[in-house]
Amino acid sequence: MFATLSDRLTATFKNLRSRGRLSEADIDATVREIRRALLDADVAVSVVRGFTGRVRERALSVEVSGALNPAQQVVKIVNEELVTVLGGEQRPLAFAKTPPTVILLAGLQGAGKTTLAGKLARHLREQGHTPLLVAADLQRPNAVTQLQVVGERAGVPVFAPHPGAQESSEGGVEIAPAADPVAVAREGLATARNRQHDVLIVDTAGRLGVDAEMMQQAADIRDAVRPDEILFVIDAMIGQDAVVTAQAFADGVGFTGVVLSKLDGDARGGAALSVASVTGRPIMFASTGEKLTDFEVFHPDRMASRILD
Ligand code: GDP
């Protein structure tokens, strides 16, 4: 995803390496190159401005001493600032003191929420948790079935409204009282408590664009289940729109963390670089493909190193 940005930055630093001591003009030229590379990668203008401002200020005050030459010090500064923009330290999930920990997934339709629900459930199960998935996306006709398929693959039971279904003895399929997403979520939580699942993952409906009714529904579900984490899932392929969408969700529902999906795509990556900085919420996970195993805990430092590799 970051191939072009990575090449551009590497080329900029190569240029710098051939110089010894750096003049203010050298630093300005470098910062200009970095600014162009970030803008061309679709990073939000406000993020680019803050980023280049900090890099310039720090580069100008670099002392010529220590093990690193001036050029290496600039690379180090850019690396550190990239880590900051990407959210700083890796932020683990906050588990509730009294289980179940409730995780609500929000985002536009097609962002990758249902896929992510399965990946997260599998990840947590591997860590010894006993998650329950809840299908509270009743907007899309196939969403419930899709979650059931994903849950089966992940080896995690799904609580879903399914009027025709019998309650399975293995606990694979559950019956919710009505096709009301708030009621489904609430019943899912009660079921998690009764069956001693320690994590509840609630999949919610998205729309193709930001819409007041969808926001309200997500907010109603939030109020019904009082999540410990609200993860905003964003398709990294949508470019500059990501920032606007993220802001709309931050205002309409609020969220505690970000999941970047489709990082395996060939978009320019700016969305991924902007969203933590613009919303002030950390990127916690990344989705890198359609398979359940295409999933990573997001480490800002590793991502920065990958970009500057
Ligand atoms: P939802 O509407 O937010 O629940 O989104 P889905 O989970 O249904 O995902 C929408 C489409 O994107 C599906 O075809 C998924 O297989 C695909 N998808 C989800 N995550 C990823 C990913 O990380 N990489 C790729 N390449 N495709 C993904």
Could we say that Asp228 is within 15 Å of the ligand (Cβ to nearest atom), charged (D, E, K, R) and touching a residue at least 40 places away in the same chain (Cβ under 8 Å) here? no
State which residue is modelled with the lowest pLDDT when the search covers only the range 48-65 and only residues that are in contact with a helix residue (DSSP H, G or I) (Cβ under 9 Å, 6 or more places away or on another chain) and assigned to a loop (DSSP other than H, G, I, E, B). Val64
For the range 202-237, which positions are open to solvent by 60 Å² or more (accessible area, probe 1.4 Å), within 26 Å of Glu290 (Cβ to Cβ) and in a helix (DSSP H, G or I)? Met237
Got a number for residues in the range 34-50 being open to solvent by 40 Å² or more (accessible area, probe 1.4 Å), under 25 Å from Asp266 (Cβ atoms) and in contact with a Lys or Arg (Cβ under 9 Å, 6 or more places away or on another chain)? 3
If we ask which residues in the range 279-299 are among the small types (Gly, Ala, Ser), near the ligand (Cβ under 8 Å from one of its atoms) and in a loop (DSSP other than H, G, I, E, B), their number turns out to be 1
Kindly list the number of the only condition in (1) of a type in the set (A, V, I, L, M, F, W, C); (2) modelled with pLDDT of 95 or more; (3) within 15 Å of Ala111 (Cα to Cα) that fails for Ala224. (3)
Regarding the range 110-133, can at least one residue be identified that is within 12 Å of the ligand (Cβ to nearest atom) and open to solvent by 60 Å² or more (accessible area, probe 1.4 Å)? no
Would it be correct to say that Ala276 is more than 10 Å from the ligand (Cβ to nearest atom), among the small types (Gly, Ala, Ser) and either at pLDDT 90 or above or outside any helix (DSSP H, G or I) (or both)? yes
Can you confirm whether Leu147 is at pLDDT 95 or above, within 20 Å of the chain's Cα centre (by Cα), buried (at least 24 other Cβ atoms within 10 Å of the Cβ) and part of a strand (DSSP E or B)? no
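Let's see how each residue does on (1) at pLDDT below 90; (2) assigned to a helix (DSSP H, G or I); (3) within 22 Å of Thr4 (Cα to Cα):
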site	(1), (2), (3)
Arg21	yes, no, no
Asp26	no, yes, no
Arg32	no, yes, yes
Arg36	no, yes, yes
Val43	no, no, yes
Ser46	no, yes, yes
May I ask you to list the residues in the range 18-33 that are more than 15 Å from Leu60 (Cα to Cα) and surrounded by 14 or more Cβ atoms within 10 Å (Cβ to Cβ)? Glu33
Qualifying residues in the range 260-272 (those that are modelled with pLDDT of 85 or more and of a type in the set (A, V, I, L, M, F, W, C)) - the one surrounded by the most Cβ atoms within 10 Å (Cβ to Cβ): Leu260
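Residue-wise test of (1) of a type in the set (S, T, N, Q); (2) in contact (Cβ under 8 Å) with a residue 24 or more places away in the chain; (3) under 30 Å from Gln240 (Cα atoms).
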| site | (1), (2), (3) |
| --- | --- |
| Arg17 | no, yes, no |
| Arg58 | no, no, yes |
| Val83 | no, yes, yes |
| Leu86 | no, yes, yes |
Suppose we filter the range 156-195 for residues that are open to solvent by less than 70 Å² (accessible area, probe 1.4 Å), acidic (Asp, Glu) and at pLDDT 60 or above; how many remain? 1
Residue in the range 88-97 that is in contact (Cβ under 8 Å) with a residue 60 or more places away in the chain, polar (S, T, N, Q) and open to solvent by less than 30 Å² (accessible area, probe 1.4 Å) present: no
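The values are calculated or read from the model by the stated rules, or taken from the named source; none is laboratory data. On a predicted model such as this, the values are computed, not experimentally measured, just so you know. All Cβ positions, even for glycine, are placed from backbone atoms using ideal geometry, and neighbour counts span all protein chains on display. Surface areas here come from the heavy atoms of the whole protein model, side chains and all, with no ligands, DNA or RNA. Shrake-Rupley method; radii C 1.70, N 1.55, O 1.52, S 1.80 Å.
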